[in-house]
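A short write-up of the structure that comes next.
Each reported figure results from applying straightforward, stated rules to the coordinates on display, with no laboratory input. The model shown is predicted, which means the values in this text are computed figures rather than measured ones. Every residue, glycine among them, receives a Cβ derived from its backbone with ideal geometry; neighbour counts consider all protein chains shown.
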Amino acid sequence: MARDEINAFLGTGTNYNGKLHFQGAVRIDGNFNGEIQSDGTLVVGQEAMVDGQVRVGQLVLSGNIRGDVEAADKVVLHKTANLQGNIKTPSLVVEEGAILEGTLTMGKVDLVAQSDSELD
């Protein structure tokens with residue numbers, strides 16, 4: 001798979017409620033309500049609205065997220081990004097104009113250990 005190849009796409013005008021687990025990269029341009037978990041890359045487009053908990057390898061945000069984000073590798077907030085929630089990641093890139101309403105914790109994120117401990 002090419003590095004920037006998208007495996008799945010939730011288009012503009014689409015609404016989804018539930019849990020999303022994936023490998024590789026997924027792009028959301030519609031509305032998503034629920035839980036997202038992956039060691040891959042989540043791309044949230046400028047018109048998208050994600051409401052829920054996000055745990056991914058990398059997040060690239062141009063749209064809106066309302067909920068907590070944990071990224072094992074990196075979070076990128078483009079200038080149109082609006083995140084209302086807490087971020088935990090070892091690396092954060094923020095373009096001028098991005099909005100973050102919440103707390104930031106920078107440090108290693110172990111997605112596997114967290115998901116295993118929640119089962120107990």
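At a glance:
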quantity: Residue within segment 67-84 that is closer than 23 Å to ASP110 by Cβ, buried (at least 20 other Cβ atoms within 10 Å of the Cβ) and in contact (Cβ under 8 Å) with a residue 60 or more places away in the chain present; calculated: no
quantity: Filter pass, GLY45 being within 12 Å of the chain's Cα centre (by Cα), over 25 Å from GLY107 (Cα atoms), buried (at least 18 other Cβ atoms within 10 Å of the Cβ) and not charged (D, E, K, R); calculated: yes
quantity: When residues of segment 1-38 are limited to those that are surrounded by fewer than 16 Cβ atoms within 10 Å (Cβ to Cβ) and acidic (Asp, Glu), the one farthest from ALA72 (Cα to Cα); calculated: GLU5
